[in-house]
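The values are calculated or read from the model by the stated rules, or taken from the named source; none is laboratory data. Please read all numbers here as calculations on a predicted model, not as lab measurements. Cβ placement follows ideal geometry from the backbone for every residue including glycine, while neighbour counts extend to all protein chains displayed.
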Amino acid sequence: MPDPTAASAPTRLPRRGLERLDLLLLCVEALDLNGGEAMVWMSEQMGFTGLFPNRVELWKRRCHNPLRRTTRRGGLDPAETDALIRILCALADRLYPMLRALLASAEPEAIRQQRWALFQERLDELVQERMNARREGVQRLLDPERGAAQRRQLIQALALGAGTGGFERLRASLGDPAV
Amino acid sequence: MKQTLRYDQLSCRLQVEGLPDVSIGQSGDAVGIITGWTLQWQGRPELEGRREHLLALMQVVLPYARDLISGVVRPRGTADQPVRIGPAPEGGGHRLALRSSQPETPPLELPLDDAELSDLVRLLDQLRLDSRLQMHLDLPTPQPLRAREVMGRVPRRQRLVAPLGGALALALAAGLGLLLPVPPPPEPPPAAPAASEPATP
């Protein structure tokens with residue numbers, strides 16, 4: 001019987017995939033004030049200390065995002081991207097109640113708007129601090145109107161990719177070609 | 001012995017009943033044969049069905065969720081399949097349609113928001129990853145989309161900006177080039193004086 005948790009052969013993520021992966025990790029940090037610490041802790045818990053021995057190494061892998069202020073050239077090893085995606089899925093699973101609250105339409109409109117405003121404020125701070133503001137993609141994300149759909153899409157991707165079951169879905173999506 | 005697998009999320013609960021397939025030596029707590037399932041939604045009618053209906057639900061909902069992660073909203077399932085899912089016609093949500101196998105029973109349509117869809121996906125993930133469920137589920141492996149499938153999520157105006165801008169720049173450059181005066185042809189070099197005049201008698 002095939003193991004449903006078995007992952008298909010890992011492949012190298014395109015630059016666009018690395019960009020989205022880092023943005024999703026940034027959303028986790030925007031949702032959780034201790035997100036950066038949680039990422040390191042989760043990496044250790046999941047046994048990725050060999051790949052990311054410390055927070056600097058983890059940060060260096062994330063700097064392959066072309067939108068970063070200080071971006072690194074080249075691609076990432078498939079084992080490293082898989083580990084980052086697994087960390088992301090586990091963190092999204094922990095944050096699922098918050099993700100769900102942002103997506104639920106049953107909540108009163110005022111409360112929903114307040115939640116989105118708080119998330120946007122935190123995300124904007126992180127984006128301004130770490131991303132290259134001259135890039136069109138960064139400007140679009142920071143724009144309150146133009147970036148709204150992209151922010152919702154990032155939260156939806158986290159909700160649908162949360163947990164062990166979301167790993168393959170998220171990895172397949174990050175492997176999409178750039179157009 | 002009958003086994004019950006139960007999975008809970010905030011808006012829904014999935015309960016699967018089944019038996020171990022003793023013919024292939026499964027133990028007492030395994031489920032190798034699904035005899036029935038129920039899906040309870042908060043404030044909505046309860047859904048129930050057989051193994052093939054549950055499989056059909058997973059075969060449309062999980063690929064639909066995979067597309068959504070890429071920002072592609074593509075309906076899954078056809079009118080003759082027991083389960084269909086797609087974007088809500090009124091916008092801002094999803095519509096799950098279930099066709100009953102009972103004659104003269106109209107199809108049931110459930111509107112879902114993004115949170116309820118995520119809950120359903122998590123329930124189905126919990127089920128398919130449960131080690132107690134020991135049966136083959138014929139589910140497609142998520143794959144990256146093709147370029148033309150991804151193109152649909154980029155607005156047409158945004159997609160056309162680069163090629164139209166390039167074509168415009170080329171046309172402008174060509175027009176400006178045509179406006180430049182054509183340089184006159186270079187003067188032929190003056191003929192060199194003959195080395196020696198022929199002697200005239």
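Being more than 8 Å from every other protein chain (Cβ to nearest Cβ), within 30 Å of residue B:22 (Cα to Cα) and either among the β-branched types (Val, Ile, Thr) or touching a His at 6+ places or on another chain (Cβ under 7 Å) (or both): is that true of residue B:82 here?
Details: more than 8 Å from every other protein chain (Cβ to nearest Cβ): yes; within 30 Å of residue B:22 (Cα to Cα): yes; either among the β-branched types (Val, Ile, Thr) or touching a His at 6+ places or on another chain (Cβ under 7 Å) (or both): yes.
It is true that residue B:82 is more than 8 Å from every other protein chain (Cβ to nearest Cβ), within 30 Å of residue B:22 (Cα to Cα) and either among the β-branched types (Val, Ile, Thr) or touching a His at 6+ places or on another chain (Cβ under 7 Å) (or both).
In region A:132-146, what residues are under 24 Å from residue A:95 (Cα atoms) and touching a Gly at 6+ places or on another chain (Cβ under 9 Å)?
The one that is under 24 Å from residue A:95 (Cα atoms) and touching a Gly at 6+ places or on another chain (Cβ under 9 Å): A:141.
Just to be sure I understand the filter: pairs with C-beta atoms under 6 Å, separated by 6 or more residues or on different chains, first member in region B:43-70 and more than 13 Å from chain A (Cβ to nearest Cβ), second member surrounded by fewer than 19 Cβ atoms within 10 Å (Cβ to Cβ). Which pairs pass?
B:46/B:38; B:46/B:40; B:48/B:38; B:60/B:76
Can you tell which of B:105, B:78 is of a type in the set (S, T, N, Q), surrounded by fewer than 17 Cβ atoms within 10 Å (Cβ to Cβ) and within 16 Å of the chain's Cα centre (by Cα)? Spell out how you get there, then give the answer.
Numbers: B:105 fails: within 16 Å of the chain's Cα centre (by Cα).
Matching residue, one of B:105, B:78: B:78.
Report the residue count in region A:82-113 for those that are assigned to a loop (DSSP other than H, G, I, E, B) and among the aromatic types (Phe, Trp, Tyr).
The number of residues fulfilling the criteria is 0.
With the checklist (1) within 13 Å of chain B (Cβ to nearest Cβ); (2) in contact (Cβ under 8 Å) with a residue 60 or more places away in the chain in hand, flag the one item residue A:100 doesn't pass.
(2)
Can you tell which of B:81, B:26, B:42 is in contact with a Gly (Cβ under 6 Å, 6 or more places away or on another chain) and modelled with pLDDT under 95?
Checking each option against the conditions leaves just B:26.
Would you confirm whether any residue within region A:121-139 is more than 12 Å from every other protein chain (Cβ to nearest Cβ), without any contact (Cβ under 8 Å) to a residue 24 or more places away in the chain and closer than 30 Å to residue B:123 by Cα?
Looking for residues that are more than 12 Å from every other protein chain (Cβ to nearest Cβ), without any contact (Cβ under 8 Å) to a residue 24 or more places away in the chain and closer than 30 Å to residue B:123 by Cα, one finds none in region A:121-139, hence no.
Restricting to region A:59-81, count the residues that are outside any loop (DSSP other than H, G, I, E, B), surrounded by fewer than 18 Cβ atoms within 10 Å (Cβ to Cβ) and touching a residue at least 12 places away in the same chain (Cβ under 8 Å). Give the derivation first.
Keep residues of region A:59-81 that are outside any loop (DSSP other than H, G, I, E, B), which gives A:59-62, A:68, A:78-81.
Cutting the leftovers down to surrounded by fewer than 18 Cβ atoms within 10 Å (Cβ to Cβ) gives us A:59-60, A:78-79.
Cutting the leftovers down to touching a residue at least 12 places away in the same chain (Cβ under 8 Å) gives us A:60, A:78-79.
Adding up the residues that qualify gives 3.
Can you tell which of B:129, B:133 is at the interface with chain A (Cβ under 10 Å from one of its Cβ atoms), more than 22 Å from residue A:17 (Cβ to Cβ) and in contact (Cβ under 8 Å) with a residue 40 or more places away in the chain?
B:133
Based on this model, can you work out whether residue B:133 counts as under 20 Å from the mean Cα position of the chain (by Cα) and surrounded by 19 or more Cβ atoms within 10 Å (Cβ to Cβ)?
For residue B:133, the condition - under 20 Å from the mean Cα position of the chain (by Cα) and surrounded by 19 or more Cβ atoms within 10 Å (Cβ to Cβ) - is not met.
Any idea which of B:110, B:10 is on the phi < 0 side of the Ramachandran plot, among the hydrophobic types (A, V, I, L, M, F, W, C), at pLDDT below 95 and part of a strand (DSSP E or B)?
Criteria check complete, one pass: B:110.
Which of the following residues is surrounded by fewer than 20 Cβ atoms within 10 Å (Cβ to Cβ) and among the polar types (S, T, N, Q): A:139, A:156?
A:139
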